[in-house]
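The values are calculated or read from the model by the stated rules, or taken from the named source; none is laboratory data. Keep in mind the model is a prediction, meaning the values are calculated, not measured. As a convention, Cβ positions derive from the backbone with ideal geometry for all residues, glycine included, and neighbour counts pool all protein chains shown. Areas reflect the complete protein model, heavy atoms only, side chains present, ligands, DNA and RNA absent. Shrake-Rupley method; radii C 1.70, N 1.55, O 1.52, S 1.80 Å.
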Amino acid sequence: MSHPNMSTSLSAQDLLEKMQADNAIDEKDKSALAKYITQSQGKSEMPIYIRILVGVGAFFSSIFFIGFLAVVKIIDFDSAGGLIFFGLLFMTGAYFLLKMAEENDETVFHSFMTQCSFCSIAIGKVFFVAGLTTAFEKQAMIPLASLIVTLFTYNLYKMFMDRFLSSTATLLAFMAWIVSEYDIRESREILLCILFLIEMGGASYLLTSRKLSRVFTPLSYAFAFSLCAFVWLITVEENVFSPPAFIFMNVVLTVAFIGLIGWAAGGAEKLKKESLLIACGGAVILGFISSPGILLSLALLVVGYARHDRILTQGGALLLPIYLLHYYYNIDLTLAEKSAVLIFSGAVLLAGRFYLRWRQLDREVAA
Amino acid sequence: MRLQALLVFSVLVLVVLNFEIWKKEKLKAEGQSVLLQLAPVDPRSLMQGDYMRLEYALEDMVTSEQLDKQDKRGHLVILPNENNVGSFVRFYDGEELAPKEMLIRYHKTNYDIQIVPHSFFFQEGHAKFYESARYGEFKCDSSGKHLLVALVNEKFKRIIPSDEEK
Amino acid sequence: MSDKPELSLEQIPANRALVEELYGHNLINQETREYALDLLYPRSKWGLWASYFLSIIGSALILVGIIYFFAFNWSKVPIMAKFALVESTILICLACAFWRGIDRLSGKLFLLSASVLVGVFLAVFGQIYQTGADAYQLFMGWAALIFGWVLLSQFAALWIIWLTIMNLFICLYWDQAVFPSHQSEAFIFSILGVFNASFLVLREFLLYKKPSSMNWDWLGAVWVQGILFLAALIPLAIPMHQAIWESSYEGTLAAICGAVLGTIFHVLAFWVYRFKIPNMGALSTIILSLCLLGEAFFGRFVFKSIDGDGLSFFIMGVITIAMFTFAIVQLRRIHAQMEAENVPS
């Protein structure tokens, strides 16, 4: 929609020189990068589509193998020890399979080993979590065991999809446990607020800090994804939360969004102060009418745009209409009142657009 | 060039829309009035607001043997009684009508015949006024086209909702 | 990978893929990545971006507001006033479209609003005259009336809206006017698939063959391709799955027709997006769909012919790994070849 995609037709050489001139990289970096670029022609990273295919394949095959192991009773699913043992066994196997895959560059062998390894780590993780949960007979062990296994494997097992899925599963498991566990019903709301703070903080840090290495990219997506799930829970299951908890989360989101605007303005381009204030005002209004989903999708759009991250931008663009529709569809008003609210909100947004036009802020070009 | 074509299309659209309004208004003004007995039920529509589901007693007056011989679409001959409530006489087959007899269009489904509309739209929150509806008031022209103009209660009075008399 | 001569640093184009690759191999950090991308795709256009965004969301909200206003079905407002209101809104939108000119985003948005308002008019018309018409008639009239505007608009969003209306019309018409028998029910998938696929073909043809001197760039956005591609692929893949799973469908013309069309679509799409218009996204989707079909096919075969124990699970696990490995190997080869041919990903 808005990505000006006309590339400036620079060559790799031009790019490196420009970056060095602006002190983004030093001489040593430059020569290392130049060397890498010339050497790696024609072999590049797997695109995201292929990774998804690997993930889907591993998902199906691990289900079939777990089914197989369950039916032939090689593993006693009631014995915690057995499950944990086989879980660890499969994970170790997965680690070495991936090692073998990395050492051999031949496409067929590499792909086959990667596929087997991913399938194996999925089986291993499921068994391990199931084993620990059986051992302690506590529902709380599901998120805890996921956390343990994710922490252990994150740095050892270097696969983007596994890192993302494992972290996401852990965060979602915590959420599901807090929502469903009977024993903690008294403190459910406080725990949810704490979890929300953690997810919010994690996502803010991971998505806005620019010094992090790429190892943490899947983790940052996991945080963003579970935050979306969390906000979906707030929006759909409104009765899970009492008003104070709901207001608290809204305030947190609003504050985070204002922080985000500041970050984007400072990092990407110095926006005029006045428009920055207006954006913050808009955020406060959105927070006030308590629509966390709309705020979150806007935040994703802004982060994605600032980071040149298409996954986040597209995610935000997809979520925004869904949350908008949901918000206006469920608002407790008659159709006539809804109509007035909708037209008014639309008019406010258009007014914002004309304001930009009037101040000529929509023509800003790079200095 | 594009703008000119746009202009042509725009005029065309507006002409069609207004012509449709004119046709309905003509039928409403010149049509002959008849009542059909109802059997109501009720949920709501998304884009058009509140509405009530309608069914007509007339639809049950036809036996399935009679129905089997008919085409998918056609006309019924109905005869209004002293209260102007129409009842089924026969399927229309191009013959001359007796005085007072009227035509009304129907279409066949898998099981029975249907007279449109099967719904009546009203302002959100006005459902309470229409609970007493017993008849639908139609305007019909001589070719069998019809228009549902109002719902009528058991005393044969048109239901006109008014917010004041709550 | 290829026998092409090594390029020097000056000859290698700097693009998004290159920067992402350096980042992917941890040679640069996020900050440097963004810095490089800022250089390559100057994006100091926050204001412009916000302006587009506000226009689109703002007009969408107002349009929905107008729909809700009429949905309330004010009994106090006289009939002619309601019609006058909708029609004058349509007129205002059209006038604005003329005034802005339909080459600018604002003019296109006004035309789009006018098109949506025609639908509102038809809904109000049905409401006032209690036509109780089958819903397909509303969508049919709507699609027919706005077709001229859509044709002239050169606006992908309006085309997608028109196609959505047409898809709804086809589905409702099938359900409310055709009364399909149990055997012919499945034809709807073939109809929808072929309908949507023909627009996909049209898009690719216009965009890449450029049959006239007209500017077809407005069709270029990736999301347009994505929506059309999925709108064709999904209805054509469903009868293939049905043909595999449901034995009651065996032999009915509808299922066979859908499955044959689906197969043709998969083959043609693979050929086109591999050789004619290389496109990794579309290719991967086709291959994923083929893998899912393979899962269904082998699944049915294995679980039906081998009873009980775990053997069938085991075989399916092995088949899955083998099949996906094969698919991934093929995709990676294609990817490498495309890179060598310098296809932007």
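Output yes when any residue across the stretch B:125-144 is open to solvent by less than 60 Å² (accessible area, probe 1.4 Å), within 11 Å of chain C (Cβ to nearest Cβ) and at pLDDT below 80, and no when none is.
The answer is yes, given that some residue of the stretch B:125-144 is open to solvent by less than 60 Å² (accessible area, probe 1.4 Å), within 11 Å of chain C (Cβ to nearest Cβ) and at pLDDT below 80.
Can you tell me how many residues in the stretch C:149-174 are under 28 Å from C:LEU219 (Cβ atoms), over 18 Å from the mean Cα position of the chain (by Cα) and open to solvent by less than 50 Å² (accessible area, probe 1.4 Å)?
The qualifying residues number 4.
Filter the stretch A:45-75 down to the residues that are of a type in the set (Val, Ile, Thr), buried (at least 19 other Cβ atoms within 10 Å of the Cβ) and at the interface with chain C (Cβ under 8 Å from one of its Cβ atoms) and list them by number.
A:ILE50, A:VAL54
Anything in the stretch B:62-78 that is open to solvent by 70 Å² or more (accessible area, probe 1.4 Å) and either closer than 20 Å to B:LEU35 by Cα or of a type in the set (Asp, Glu) (or both)? List them, or say none.
Across the stretch B:62-78, the qualifying residues are B:GLU65, B:ASP68, B:ASP71.
Quick one: A:THR92 ticks every box in (1) surrounded by fewer than 22 Cβ atoms within 10 Å (Cβ to Cβ); (2) at pLDDT below 90 except a single one, so which number is it?
Status for A:THR92: all satisfied but (2).
Scan the stretch A:70-89 residue by residue and report those that are more than 27 Å from the chain's Cα centre (by Cα) and of a type outside the set (A, V, I, L, M).
Passing the criteria: A:LYS73, A:ASP76, A:PHE77, A:ASP78, A:SER79, A:GLY81, A:GLY82, A:PHE85, A:PHE86.
Can you name the residue in the stretch C:131-145 that is at pLDDT below 85 and within 9 Å of chain B (Cβ to nearest Cβ) and, of all such residues, is surrounded by the most Cβ atoms within 10 Å (Cβ to Cβ)?
Ranking the qualifying residues of the stretch C:131-145, first place goes to C:THR131.
Would you point out the residue of the stretch C:2-19, among those that are in contact with a helix residue (DSSP H, G or I) (Cβ under 8 Å, 6 or more places away or on another chain) and more than 7 Å from every other protein chain (Cβ to nearest Cβ), that is modelled with the lowest pLDDT?
C:LYS4
Take the residues of the stretch A:127-148 that are part of a helix (DSSP H, G or I) and small (Gly, Ala, Ser): which is farthest from C:LEU331 (Cα to Cα)?
Among residues in the stretch A:127-148 that are part of a helix (DSSP H, G or I) and small (Gly, Ala, Ser), the one farthest from C:LEU331 (Cα to Cα) is A:ALA135.
If a residue counts only when it is over 20 Å from B:LYS145 (Cβ atoms), which strands (runs of 3 or more DSSP E) contained entirely in the stretch B:28-131 have at least 3 such residues?
In the stretch B:28-131, the matching strands (runs of 3 or more DSSP E) lie at B:49-53.
Looking only at the stretch C:195-220, count every residue that is open to solvent by 80 Å² or more (accessible area, probe 1.4 Å) and of a type outside the set (Ser, Thr, Tyr) and tell me the total.
Qualifying residue count for the region: 8.
Scan the stretch C:175-194 residue by residue and report those that are open to solvent by 40 Å² or more (accessible area, probe 1.4 Å) and either in a helix (DSSP H, G or I) or in contact with a Phe, Trp or Tyr (Cβ under 6 Å, 6 or more places away or on another chain) (or both).
Residues satisfying the conditions are C:ASP175, C:GLN176, C:VAL178, C:PHE187, C:PHE189, C:ILE191, C:VAL194.
Let me confirm something: among C:ALA237, C:ALA243, C:ALA259, C:ALA231, which residue is at pLDDT 90 or above and over 24 Å from C:LEU158 (Cα atoms)?
C:ALA237
Where in the stretch A:197-300 are there helices (runs of 4 or more DSSP H), lying fully within it, with 1 or more residues that are at pLDDT 85 or above and in contact with a helix residue (DSSP H, G or I) (Cβ under 7 Å, 6 or more places away or on another chain)?
A:217-236, A:243-268
Taking C:HIS241, is it without any contact (Cβ under 8 Å) to a residue 12 or more places away in the chain, of a type outside the set (S, T, N, Q) and open to solvent by 20 Å² or more (accessible area, probe 1.4 Å)?
Considered against the rule, which asks whether it is without any contact (Cβ under 8 Å) to a residue 12 or more places away in the chain, of a type outside the set (S, T, N, Q) and open to solvent by 20 Å² or more (accessible area, probe 1.4 Å), C:HIS241 comes out as no.
Between residues in the stretch C:317-330 that are within 8 Å of chain A (Cβ to nearest Cβ) and residues that are surrounded by fewer than 17 Cβ atoms within 10 Å (Cβ to Cβ), which pairs lie under 6 Å by C-beta distance while being six or more apart or on different chains?
These pairs meet every condition: C:VAL329/A:THR107; C:VAL329/A:VAL108.
If B:GLU82 meets every condition in (1) within 14 Å of B:LEU38 (Cα to Cα); (2) at pLDDT 85 or above; (3) open to solvent by 50 Å² or more (accessible area, probe 1.4 Å) apart from one, which number is that one?
Unmet for B:GLU82, out of (1) within 14 Å of B:LEU38 (Cα to Cα); (2) at pLDDT 85 or above; (3) open to solvent by 50 Å² or more (accessible area, probe 1.4 Å): (1).
Name the pairs: first residue in the stretch A:139-159 and in contact (Cβ under 8 Å) with a residue 60 or more places away in the chain, second residue among the polar types (S, T, N, Q), Cβ to Cβ under 7 Å, at least 6 apart or on different chains?
Listed pairs, sorted by first residue: A:THR153/A:SER166.
Run B:LYS157 past the list (1) open to solvent by less than 30 Å² (accessible area, probe 1.4 Å); (2) more than 13 Å from the chain's Cα centre (by Cα); (3) farther than 24 Å from C:PHE70 by Cα and report the number of the one that doesn't hold.
For B:LYS157, the failing item is (1).
Taking the stretch A:165-196, which residues are at pLDDT below 90 and of a type in the set (Gly, Ala, Ser)?
Result: A:SER180, A:SER187.
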